[in-house]
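Shown next, in structure tokens, is the structure this report addresses.
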Amino acid sequence: MLDPAGCVTSWNKGAECLKGYATGEIIGRHFSCSFTLPDQDTGLPGNALAAARQHGIFEDEGWPPFLGDLGELLGFTKVTRDIH
């Protein structure tokens with residue numbers, strides 16, 4: 001969950017596993033920190049919030065890499081959510 005400014009207000013174990021931030025590390029931070037640097041550079045986080053505000057939803061698809069402590073590729077992650 002994000003507040004209107006895009007700061008994280010709640011976080012779960014699934015998000016911890018996928019994004020690598022513990023709840024105590026991410027609460028209060030802007031959600032853009034969970035995006036890749038190329039996505040941050042293109043303005044994707046801000047565009048996502050703007051689209052959600054305007055249209056009531058934002059959807060994006062991708063397979064971000066899951067990296068180990070030494071930067072090695074461990075696989076890819078995918079977020080699945082319930083649409084209602």
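The values are calculated or read from the model by the stated rules, or taken from the named source; none is laboratory data. Quick caveat, the model's predicted, so the values are computed rather than measured. Neighbour counts run over all protein chains shown; Cβ positions are idealised from the backbone, glycine included. These accessible areas exclude ligands, DNA and RNA; they are computed on the full protein's heavy atoms, side chains included. Shrake-Rupley method; radii C 1.70, N 1.55, O 1.52, S 1.80 Å.
Structure above, values below:
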read-out: Output for the stretch 27-54, where each listed residue is among the aliphatic types (A, V, I, L, M) and within 11 Å of the chain's Cα centre (by Cα); value: Leu44, Ala48
read-out: Tabulated pairs, the stretch 1-25, first farther than 20 Å from Phe58 by Cα, second among the hydrophobic types (A, V, I, L, M, F, W, C) and open to solvent by less than 70 Å² (accessible area, probe 1.4 Å), C-beta under 7 angstrom, 6+ apart or interchain; value: Glu16/Ala22; Thr23/Trp11
read-out: Single residue of the stretch 2-44 satisfying the filter (out of contact with any helix residue (DSSP H, G or I) (no Cβ under 7 Å at 6 or more places or on another chain) and on the phi > 0 side of the Ramachandran plot) that is surrounded by the most Cβ atoms within 10 Å (Cβ to Cβ); value: Gly20
